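Read through the structure below, which is laid out as structure tokens, and then see the notes.
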Amino acid sequence: MNLKELVDKVLDSGSNFNRKEGELIFNKGLASNIKSKKIDFIYNIYGKVKNENSTSEFNSHIKINIKNETLLSCKCTCNESEDNSKLTNIYVCKHNLAIMYMFYDLAKKKIISDKEKSAEGEKSENKGNSILKSVKSNDEVSPLNLDIKLKHVNEKYANYYEAEFRIGRKSTNLINSLEEFINTRNLNRPNTFNKEFTYKPYEDIFCAEDESVLNFIKEYIELNKDLKNGSYQMAKGKLLRIAPNTLREFLNLVNSKKKIVLNYDYLDYASEVLRKDLPIGFNLKLEGDFFILRTKKKFPIPLNENNDVYIYDRKLYLPSMEQIKYYKPLYNELKSKGQIKFNKSIEVLEKLINILKKISNEITLDERVKEFTEKLTFPQFHFEKYDNKVYCRVKINYLGEKIELINESNNKGFLRDLKKEDKICMELERLRFIKKEGSFVFIGEDEDIFNLLSFELENLRKLGEIHLSNEFKKMRLINSTFIDGEIEEEDGYFFFKYNVGDLSLRELQSSLNSVKENRSFFKTEKNDFLDLTDKRVVGFLNLIEDLSNGEKLKEDIIKIDRNKALYLDNIIKNKGLDFIKGEEALKSIRESLTNREYKNLKAPKDLNATLRFYQLVGYNWLAELSNMGFGGILADEMGLGKTIQTIAFLLSKKGSKTLVITPTSLIYNWKDEFSNFAPTLKIGIIHGSLDERAKVLEKQQEYDVLLTTYGTLRNDFENYKNNIFDYCIIDEAQNIKNPTSQNTNIVKSINAKCRIALTGTPIENNLTELWSIFDFIMPRFLYTQQKFKEKFINTGGKNIEELKTLIKPFILRRLKKDVAEELPDKIEKKYLVEMTVAQKQIYKSYMKDVKSKMKLNKEDKITIFSYLTKLRQLCLDPSILIKEYSGGSGKIKATIDIVSNAIDCNKKILIFSQFTSVLKKIEEEIAKEDIEYLYLDGSVKAKERINLVNKFNESPHIKVFLISLKAGGTGLNLTSANLVIHFDPWWNPAIEEQATDRAHRIGQKKVVEVIKLISQGTIEEKIVKLQESKKELINNVMNGEVMDGKILSKLTDEEILSLFN
């Protein structure tokens, strides 16, 4: 490595600015005392640089490895070098560079001098190998040692430090006269200490730090010349007197690797000068209403009033000015009292902690303080999204000091709540974030993102602040605030306009499916999440689904029939959809259907009857519905006069054309009722032979009302296709309960402007029956059958309240106990009848046989019903199945006993059974008792039925009426009877109720006793339990009772099989 390369190595390491400044300093002659020394492969260059005013002098030391050709270090005592050395390993200041320019200049001059000597006869060497040989005389020179000893002097009128200095190599020699030493040094003259050591300034060198100390002494010497005539001298002989306030300045110059000896308070301390903060510690406790601060271990000893130099643990410390600034006021108080009290408050603690952190890294808080500091700990969750990934960075603010949670290099300081940090990490892991790429990275599914957006972010707010990047915010959670809906009325219809965020119709249709699947969200094409846990969103989507009748969405507007107005109004209110605009359009219909005031009601003038108040209400209710274009179901309990209310209604609509459809057994009842109560209405009966029917049909325009039966209508349907009636009224509407029957489809095909259904039992077995009747009065009002089933039947009763809301305005049902208080009581009893011995044996034998067959083979439902029917018949009288049987019937015997006793009490009796064969057996036994009776089953003509009814009601001698349940269970008025016997239970309680109501109806003057005969220990007891389940269904839907969780809509296979157990 030649001279030029060595110099360039240093010059190139400096900045352009510093090179220019260094060259300027060199040109001004401010660089001096250039010395060099080579130890092995390490080359050291020393020098001094003065400032332009010669008020300051800086020592420079440059170290180069000439083997590896690397710059090892550049040191200088200037502030610039000290400050920048903290930022970079090697900083080359302008003074270093000035020294190098000077060094290079001197080396070149030395090379020229050697060349002149070679011209005098000495062989010249090639000097191209740089300065290495030109400075060979210095190769063996090593820096001298400068030892320092300080002593504290504390006199009555003076307080200062005395310093003495020793120099040398292996051993050091006391400088007896500092002034003489500095003078000879300045004159570059040798100074002999003893025969072993002479100081030669022109050869001997000191390290940069020692040079700084010698310069300090030089300045004191020069200053001392001005003070010699005074009483106070800063330098005298071997001693340098250092004022306490300049002690730090002096010690700052001392080589940090060299120990100095300090005598303080008669104790000697040998220590390096440690230029770092005191390693002191604090304990902070919470006692009562005060924070108590104490110092750990022992107190440091300040060496001056500035408190900027300390002895601590037998070491010399020059703390940072920041530590000194904050520690000094605490030190004085702690030293004098041992502790400091602070008021207990968040503000005080925050300030105190901030001060302590500037003083020490060793602060211990007791548990009570830690609990208190939790109030000041603020985690921040920063959620970001980029490159299709979601990240979370967690920063925790510990009293103003922010740390990055995932950064393991963070100092686990005294304030860190590691338990809380672990809890945060566990919480993020639960949310499907893992530590990766210097952050928490999301690895979950769409459902996890939805949960994060919908509620987990809010949960995280309990732990800290939430910050979302703009890209993260683009993942929207679409809730009810994004929904718009508006109702408008036009041309007798309502129109519902809607939109959900910016979802397309296709996406909206898919979201409806997600609602049916009970999903918690629907993800859009734009990666937004429609919140299906928001009840208002689901309510709105269900409303769209309902109003569109389950059909595919084709546009963002739905046409709605007026009959849905009240339902729509209720849904808006009950489902929290008050953000839908235009609700006032529903107001008139809502008020008409809900704010009914029935005052001063009058029956039509032509009505030949006095209506009870509830009947006037019923007639007006029908009129109001028809005026609004709606249909309705008059569902009063049997015997409350549905027929007379309907006739009154038709009288009020005189001039209109009406078709009334009844069961065959009731057509002549209707004819008589019209004749008696509305003789001004012209009635045409379409019943009987083909010729009779044809005559009426030909002249149908002449009649106000056409009466026909379900069976006749089926035969004559072609004659009605072109007719449009003002009203179509069906009696005993349960006749169309089966949606798939021919009767039902034909009745629903009649063209009528308004349709009305009359029935005391709108539901006999299941909700589908109710749907079928409503589908007649207002087609599709209860949606399609499939949608109705999905919404109300297959949901376990979940939407039953919504069904009630829908049907309530269009169904009127009153019970006798509520509107006919004068009606005598109905007393119901169950008689458990024991079968005869022979009857029991046959029943048990057959039951055992049936169970055996069912165990071997999986029987179909028809076969099982045939088994059940036979078992029921055996409970009644085995002789109807087994001709040879002669063991008697427990029920028939009980019936004869009950009838005999009743006749003795002057009662008239109705006996119902669904089996005509059993009725015949009972008839035989009654005849044997010489009891007068009548008999009615399906074979009796309609006209003859009326005669039989009148005969029973009018004759005091005829005490018993035997009636087939199906033939006489409806339409008969038998109020002369006051005892009803149900010989055998039927699956459906409503059918039995209808039969009972033949006697317990308006016009009855006596208490009606109802007796149900049940064969003990048989299938009949199970049937009674099923009846109770059926009643639950009817009462819940029709009377608005709260359901208890189970609703029996039909007789399932399991229920049927349970009957055999």
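Derivation of every value follows stated rules applied to the coordinates shown; laboratory data play no part. Bear in mind that the values here come from a model prediction, so they are computed numbers and not experimental data. Don't worry about glycine lacking a Cβ; one is built from the backbone with ideal geometry, like all the others, and counts go over all protein chains shown.
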re the range 372-473: pairs of Cα atoms spaced beyond 23 Å account for a percent value of 23
For a label point 7 Å from the Cα of ALA694 along Cα→C-beta, name the residues of the range 716-753 whose backbone N is under 17 Å from it. 716-720
In nanometres, what is the gap between the two model label sites at PHE378 and SER85, each 7 Å from Cα along Cα-to-Cβ? 4.0
Sorted largest first, the C-alpha extents of the chain along its principal axes in whole angstrom are 173, 66, 61
Report, for the range 372-473, the % of DSSP beta bridges that are antiparallel, rounded to 5. 85
Working from Cα positions, state the angle (0 to 90°, nearest 10) between the long axis of helix 16-27 and the longest principal axis of the chain. 10
Which residues qualify? For PHE206, with a placed amide H closer than 5 Å and at least 5 residues away or on another chain, they are LEU144
The range 477-593, Kirkwood Rh and Cα Rg, ratio Rg/Rh at 0.97
Longest to shortest principal axis, alpha-carbon extents of the range 143-200, angstrom: 41, 25, 19
On C-alpha positions alone, give me the angle between the axis of helix 418-430 and the longest principal axis of the chain, in degrees, nearest 10. 50
Determine the shape class of the range 908-1019: with a ≥ b ≥ c the square roots of the Cα gyration tensor eigenvalues, call it rounded for a/c under 1.5, and otherwise prolate if a/b is greater than b/c, oblate otherwise. rounded
Once the principal axes of the Cα atoms of the range 851-966 are found, what is the range along each, listed largest first in whole angstroms? 57, 33, 23
Using θ = phi - 60° and the Karplus form 6.51 cos²θ - 1.76 cosθ + 1.60, what ³J(HN,Hα) does each residue of the range 872-883 get, whole Hz, x for Gly and Pro? 4, 5, 5, 5, 8, 6, x, 5, 6, 10, 10, 4
Please give me, ordered by residue number, the trypsin sites (Lys or Arg not before Pro) of the range 530-632 that lie in loop per DSSP and have at most 15 other Cβ atoms within 10 Å. LYS552, LYS554, ARG596, LYS599, LYS602, LYS605
Can you give me the relative contact order of the range 811-923 as a percent, contacts being Cα pairs under 8 Å and 6 or more apart? 26
Taking GLU923, GLU692 and counting other C-beta atoms within 10 Å, the order from fewest to most: GLU692, GLU923
Give me the angle, in degrees from 0 to 90, between the Cα long axis of helix 94-118 and the longest principal axis of the Cα atoms of the chain, rounded to the nearest 10. 40
Helical contribution to [θ] at 222 nm, DSSP H n ≥ 4, -39,500 (n - 2.57), averaged over the chain, rounded to 500: -11000 deg cm²/dmol
List the residues whose amide H sits under 5 Å from the amide H of GLU287, counting only those 5 or more places along or on another chain, with H placed 1.01 Å from N in the peptide plane. ILE292
With both bridge residues required to lie in the chain, what share of the DSSP beta bridges run antiparallel, to the nearest 5%? 60
Please list, by residue number, every one of the GluC sites (Glu not before Pro) in the range 1-52 that is coil in DSSP and has at most 13 other beta-carbon atoms within 10 Å. GLU52
Can you sort MET854, MET475 from fewest to most other Cβ atoms within 10 Å of each residue's own Cβ? MET854, MET475
ASP825 versus ASN388: modelled label distance in nm, points set 7 Å from Cα along the beta carbon direction: 7.9
For the range 893-902, in residue order, the Karplus 3J(HN,Hα) values (coefficients 6.51, -1.76, 1.60; θ = phi - 60°; whole Hz; Gly and Pro = x) are 4, 5, 5, 4, 5, 4, 4, 4, 5, 5
When the Karplus curve 6.51 cos²θ - 1.76 cosθ + 1.60 is applied with θ = phi - 60°, which whole-Hz ³J(HN,Hα) does each residue of the range 477-487 get, with x for Gly and Pro? 9, 8, 10, 5, 5, 8, 9, 10, x, 8, 10
Using eta = 0.692 mPa s and T = 37 °C, Stokes-Einstein with Kirkwood Rh from Cα pairs puts D for the range 276-365, in µm² s⁻¹, at 244
Go through the range 812-841 and name the GluC sites (Glu not before Pro) that are in a DSSP coil and have 14 or fewer other Cβ atoms within 10 Å of their Cβ. GLU821, GLU822, GLU834
Over the chain, what relative contact order in percent results from Cα pairs under 8 Å that are six or more residues apart? 6
What number does the range 571-617 give for Rg over Rh if you use C-alpha atoms and the Kirkwood radius? 1.26
Once R0 is set to 45 Å, what does the formula 1/(1 + (r/R0)^6) return for the Cβ-Cβ distance between GLU23 and ASN183, expressed as a FRET efficiency to the nearest 0.05? 0.85
